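Have a look at the structure below, then the notes.
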Amino acid sequence: MNSPGDPAPPSGNEAAAEALLSERAPLMGASPAEVESPEVRIRRLSRRGFAIGGAAALAGFAGWRWLITRSQEGDLPWPIRRVLEFDERVAQAAFRPTRLSPEFPRASARMPRVNGMVGIAPSIDPAEWRLRVVGSAGARGARSLALDEIKALPRVEMTTELRCVEGWSEVVHWAGARLAELASVTGLATRGGQVPAAGTTTGELLEYVAMSTPNGQYYVGLDMASALHPQTLLCYEMDGHPLTLEHGAPLRLVIPVKYGFKSLKQIGTIAFTDLRPSDFWAERGYDWYAGH
Ligand SMILES: Nc1nc2c(c(=O)[nH]1)N[C@H]1C(S)=C(S)[C@@H](COP(=O)(O)O)O[C@H]1N2
Ligand SMILES: [Mo]
């Protein structure tokens, strides 16, 4: 099996890109009882993994309290609040999608190695580039946003760990906008494609988010709760500087609650959907969910 960062030449990706846009996303990837890669299993069973798990549990509780408080203040984008409402109802489940990934001092941040260049096109001109955002109505109602429009959304900075499933990690400082904010302003994460009225339920949110590079060669699938997590960012800066091409210019995803291969570089399309999206590395044997 190839590993993320050392991929085989892509195959069948045009179909995947097509599916992303046409909402005929095939139900690909592993079944809900995910196949765990050896790397993931070793990590899970290792003492270090156990320690990290304990820390995450503590951070999770603190994060939960923080989020609850924040939502009472009503200053989070509504999709996060909606996920919180849902999360309260499933609080007995072991995993809480709203737990926060640990944050680190800004000074401890480093630039990570460049890992994986699948789908990254050097020819992308940031001035011409547009983010395509698609909802349940498909091409009808799809939005096209320039980088400045993403930068106009509330800016969030965080210093979190980028953890690659291959076994390395790096603390990185990021700046960008919450994906939940994009969901909020476009309304496209809901079945009706509208910003829902206050007091409506989580049932209106679609189940998944599919993302791909502009050329469709690299693509990831996310569950909606993780996609709308407050630390899931559309990043345009890394370590205080605009993104370089190798790290995903002009805009990349950073999702610290998941392994690095979900943090898609050079985003072209974001599609909110009820069909479980295909995922480049899940198709190559890795866990589709890829939480850690
Ligand atoms: N478009 C694209 N995004 C990608 C990849 C890739 O090959 N192509 N590799 C992923 C993997 S496996 C990791 S660990 C991170 C690494 O991000 P970095 O290169 O900024 O360190 O990017 C992810 N995003
Ligand atoms: Mo990775």
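FYI, it's all coordinate maths here, none of it is from the lab. The model shown is predicted, which means the values in this text are computed figures rather than measured ones. Ideal geometry is used to build each Cβ from the backbone, glycine not excepted, and the neighbour counts take in all protein chains shown.
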Handout entry: In Hz, Karplus ³J(HN,Hα) per residue of the stretch 108-122 (6.51, -1.76, 1.60; θ = phi - 60°; x = Gly, Pro)
Key = 8, 6, 10, 8, x, 5, 7, 10, x, 10, 4, x, 7, 9, x
Practice task
Take Phe272, Phe104 and order them by how many other Cβ atoms sit within 10 Å, fewest up front.
Solution key: Phe104, Phe272
Practice task
Using only C-alpha atoms and all pairs of different ones, pull out the Kirkwood radius for the stretch 72-284 in Å with one decimal.
Solution key: 17.4
Exercise for the section: For the stretch 253-292, would you read off the P(r) tail past 11 Å as a percentage of all alpha carbon pairs? Expected result: 68
Completion exercise
Most exposed to least, judged by fewest other Cβ atoms within 10 Å, Ile120, Ile270, Ile255 sort to Ile120, Ile255, Ile270
Fill in the blank from the handout: Karplus-derived 3J(HN,Hα) from phi for the stretch 177-191 (6.51 cos²θ - 1.76 cosθ + 1.60, θ = phi - 60°), whole Hz, x at Gly and Pro, runs 10, 5, 4, 4, 5, 4, 4, 5, 6, 8, x, 7, 7, 9, 4
Fill in the blank from the handout: In order over the stretch 254-264: 3J(HN,Hα) from phi, Karplus 6.51/-1.76/1.60, θ = phi - 60°, whole Hz, x for each Gly or Pro, gives 10, 10, x, 7, 10, 4, x, 5, 7, 7, 4
Handout entry: Packing-based exposure ordering (other Cβ within 10 Å, fewest first) of Leu179, Leu206
Key = Leu206, Leu179
